[in-house]
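Input: a single structure, listed below in structure tokens.
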Amino acid sequence: MKVGVLALQGDVREHFSALIACGVYPTTIRRRAELDAVEALVIPGGESTTISQLAKSFDLFQPIRDRISHGMPVYGSCAGMILLADHILDAKADQESFGGLDITVRRNAFGRQVDSFESDIAFADGTPTPVRAVFIRAPWIEKIGSGIEILAEVDAHPVAVRSKSILATSFHPELTGDHRIHRYFIEEVARGALQQVQ
Ligand code: GLN
């Protein structure tokens, strides 16, 4: 499977390593032609407003939006989740997302940088072992629309969700060395979505 990591800002290298550990050799995406060459995309954690502004400067914003709306499998962590949400609360003025997931997220909902935390949380991928989740100025999901499955929650707030082709987490599995979430994206979300298209 050809997977790209959006490489405009954020923890690109960590997603790269996690994907390689799952047997996928990804490419960096900074140009339209690079986007056109991949089947699935990972949007890293970082700063969602910066990533969306850079995506516009690099003429990638609309092409990414179009690919997502045509069913390209995507995984977004933290800022990546914000960029995949159809609705953002506490957004900066003019902040736009690629969208695709019918959810409403609140930016920085778990507090400021100093309130970043780690927690072992249940993840609904059929295995009983909890996932170590790192939250850094993380968003949570306030509203879930149609076709969204909740995979993990913290204090009754969804922090991992999926639709048919999109996976999003408020936390950063790319920082822990536990590749279960990336494997779930590749094996369950992306492979399933791509098989349906073929
Ligand atoms: N708070 C950041 C934002 O709104 C996300 C933080 C992160 O990705 N760790 O974009």
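The values are calculated or read from the model by the stated rules, or taken from the named source; none is laboratory data. Since the structure is predicted, the reported quantities are computational estimates derived from the model, not experimental observations. Cβ atoms come from the backbone with ideal geometry, glycine included; neighbour counts cover every protein chain shown.
Listed values, structure above:
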quantity	calculated
Residue check, Thr27 near the ligand (Cβ under 9 Å from one of its atoms) and either more than 14 Å from the chain's Cα centre (by Cα) or surrounded by 14 or more Cβ atoms within 10 Å (Cβ to Cβ) (or both)	no
Count - residues of the range 30-55 that are surrounded by 15 or more Cβ atoms within 10 Å (Cβ to Cβ), under 20 Å from His172 (Cα atoms) and in contact (Cβ under 8 Å) with a residue 40 or more places away in the chain	9
Residue within the range 64-79 that is aromatic (Phe, Trp, Tyr), within 16 Å of the ligand (Cβ to nearest atom) and without any contact (Cβ under 8 Å) to a residue 24 or more places away in the chain present	no
Val38 vs. criteria away from the ligand (no atom under 16 Å from the Cβ), in contact with a strand residue (DSSP E or B) (Cβ under 6 Å, 6 or more places away or on another chain) and not in a helix (DSSP H, G or I)	yes
Residue list for the range 104-117, filter: in a loop (DSSP other than H, G, I, E, B) and either basic (Lys, Arg) or touching a strand residue (DSSP E or B) at 6+ places or on another chain (Cβ under 9 Å) (or both)	Arg107, Ala109, Phe110, Gly111, Arg112, Ser116
Ala109 vs. criteria in contact with a Pro (Cβ under 6 Å, 6 or more places away or on another chain), modelled with pLDDT of 95 or more and of a type in the set (A, V, I, L, M, F, W, C)	no
Given (1) in contact (Cβ under 8 Å) with a residue 24 or more places away in the chain; (2) surrounded by 15 or more Cβ atoms within 10 Å (Cβ to Cβ); (3) not in a strand (DSSP E or B), index of the condition Asp59 fails	(2)
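Results for (1) of a type in the set (Val, Ile, Thr); (2) in a strand (DSSP E or B); (3) touching a helix residue (DSSP H, G or I) at 6+ places or on another chain (Cβ under 9 Å), shown as yes or no for each residue.
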position: Thr50; (1), (2), (3): yes, no, yes
position: Gly80; (1), (2), (3): no, no, yes
position: Leu83; (1), (2), (3): no, no, yes
position: His87; (1), (2), (3): no, yes, no
position: Ala93; (1), (2), (3): no, no, no
position: Asp102; (1), (2), (3): no, yes, no
position: Ser119; (1), (2), (3): no, yes, no
position: Phe123; (1), (2), (3): no, no, yes
